Amino acid sequence: MTAPDPSKGVYAISVAADLVGMGMQQLRWYEAQGLLAPERTSGGTRRYSENDLTRLRRIDQLLDSGLNLAGIAMVMDLQDEVHDLRHELTEQQATTAELTQPQSTTAGQGTTEEQSTTAEEGRGA
């Protein structure tokens, strides 16, 4: 069984508000301020994902730390950027590792020409 996609919106606003201990109006306000963007159904109903719930909890922590909504928006944007850059770095490191690995099928054998030249040098030719 595969794990559910944490970015898929599955919770209605009332359920999401309950899960994070906030009011529905707060969730609407945070959306209006651009702090999160829940998915919408074809009928326009908000659907919150696990990622949205995590983001709402982080907003709450930052508010408790004394930041205002403008500060929270900046912090969240920077955290998102750091996350994206770390992901990009990991991908680049994996690509670099693949490119720098010696090829096991020919490693240490050399070409036929190299082998014959080495053999001739060994005989003093």
### Message
Any residue that is among the charged types (D, E, K, R), part of a loop (DSSP other than H, G, I, E, B), at pLDDT below 95 and surrounded by 11 or more Cβ atoms within 10 Å (Cβ to Cβ) - is there at least one of those in region 5-25?
### Response
yes
#### Entry: Filter result (surrounded by 10 or more Cβ atoms within 10 Å (Cβ to Cβ), over 19 Å from residue 21 (Cα atoms) and not acidic (Asp, Glu)) within region 69-86
71, 73, 74, 75, 76, 78, 79, 82, 83, 85, 86
## Note on the structure
For region 44-67 the number of residues that are surrounded by fewer than 12 Cβ atoms within 10 Å (Cβ to Cβ), in a loop (DSSP other than H, G, I, E, B) and either within 24 Å of the chain's Cα centre (by Cα) or at pLDDT below 95 (or both) is 1
### Query
When you look at residue 79, is it farther than 25 Å from residue 3 by Cα and among the polar types (S, T, N, Q), yes or no?
no
### Query
Would a scan of region 66-82 turn up a residue that is without any contact (Cβ under 8 Å) to a residue 40 or more places away in the chain, closer than 24 Å to residue 15 by Cβ and not polar (S, T, N, Q)?
yes
### Query
Which residues, taken from region 26-39, are in a loop (DSSP other than H, G, I, E, B), surrounded by 13 or more Cβ atoms within 10 Å (Cβ to Cβ) and not aliphatic (A, V, I, L, M)?
33, 38
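The values are calculated or read from the model by the stated rules, or taken from the named source; none is laboratory data. Remember, it's a predicted structure, so these values are computed and weren't measured experimentally. Note that each Cβ is placed from the backbone with ideal geometry, even for glycine, and that neighbours are counted across all protein chains shown.
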